Amino acid sequence: MNYLGHAFLSFGNGAILTGNMIGDHVKGRLALEQFPPGIKQGIELHRKIDQKIDTHPATMHAKLLFRADYRLYSGAITDTLFDHFLANDPNIFRGSDELLSFTQTTYSQLEAHKEFFPAKFAEYFPYMVQHNWLYNYRTLKGMERSLSGLARRALHMPPVDKAYETFIANYYQLNQCYFEFIDDLIRFVKIEIS
């Protein structure tokens, strides 16, 4: 899962949300010690979510669609695409208004903890809010932009045109992969948080 997935899987806890969202920017065990307990728990949860999703058979299957063209970036691509299916999952968000409300709450909770943002996350958080990245995962155009943003942040990633074409050509297959893991992932995270 990407940003929307990590935000949703924080289940409304602002400190856990912050840790979950900044998790990619905090490396190693020692770095955790600078954060308060809730944010630290969120960073650890982020790592556990990534581990769980990366090893799930449905994710492994989805990554195969992108591996020939994108090799190691196939995981980052599928993570981003899974946020599209989450944004459109009627069992999670009953419509665009509910998703929009969720994104605004998420940004407010993050803003309240901005003193703990690593420099890189602090740098692009205003753009995330301004362009409402979390909401725009809902649309195909938004996904095209998200993949382009991923390519800008990655050092050696090939152009994403082919990834977007593969996404469209295999839309229903990728959606099925999402549905094969989401319930397992939600159960897993609720156990981890409790």
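The values are calculated or read from the model by the stated rules, or taken from the named source; none is laboratory data. Here the structure is a predicted model, which means the values were calculated and not measured. All Cβ positions, glycine included, derive from the backbone under ideal geometry; neighbour counts span all protein chains shown. In case anyone asks, the SASA skips ligands and DNA or RNA and just uses the protein heavy atoms, side chains included. Shrake-Rupley method; radii C 1.70, N 1.55, O 1.52, S 1.80 Å.
Counting only protein heavy atoms and a 1.4 Å probe, segment 97-194 has 59 square angstrom of accessible area per residue. Note on the chain: Kirkwood hydrodynamic radius from all Cα pairs is 16.9 Å, rounded to one decimal. What does the C-alpha gyration tensor say about the overall shape of segment 1-109? Classify as rounded when a/c is under 1.5, otherwise prolate if a/b is larger than b/c, or oblate. Since a/c reaches 1.5 but b/c is at least a/b, the shape of segment 1-109 is classed as oblate. What a 1.4 Å probe finds exposed on segment 58-194 is 54% carbon and sulfur by accessible area, rounded to a whole percent. Principal axis extents of the C-alpha atoms in segment 65-144 (largest first, rounded to whole Å): 42, 34, 19. With contacts taken as Cα pairs under 8 Å at a separation of at least 6 residues, segment 1-100 carries a relative contact order of 30 percent. Suppose the chain between T55 and K114 were pulled fully straight at 0.36 nm per residue; how much longer would it get relative to their current alpha carbon spacing? Between T55 and K114, full extension yields an extra 18.1 nm. Extending 7 Å from the Cα toward the beta-carbon at both L32 and N13 defines two label points whose distance is 1.4 nm. Farthest towards the positive end of the charge dipole of segment 53-113, among the residues L86, A112, I53, is the Cα of I53, using unit charges on the Cβ of Lys, Arg, Asp and Glu.
For K120, the lysines whose Cα falls under 28 Å of its own Cα, not counting residues fewer than eight places away in the same chain, are K27, K40, K48, K52, K63, K141, K162.
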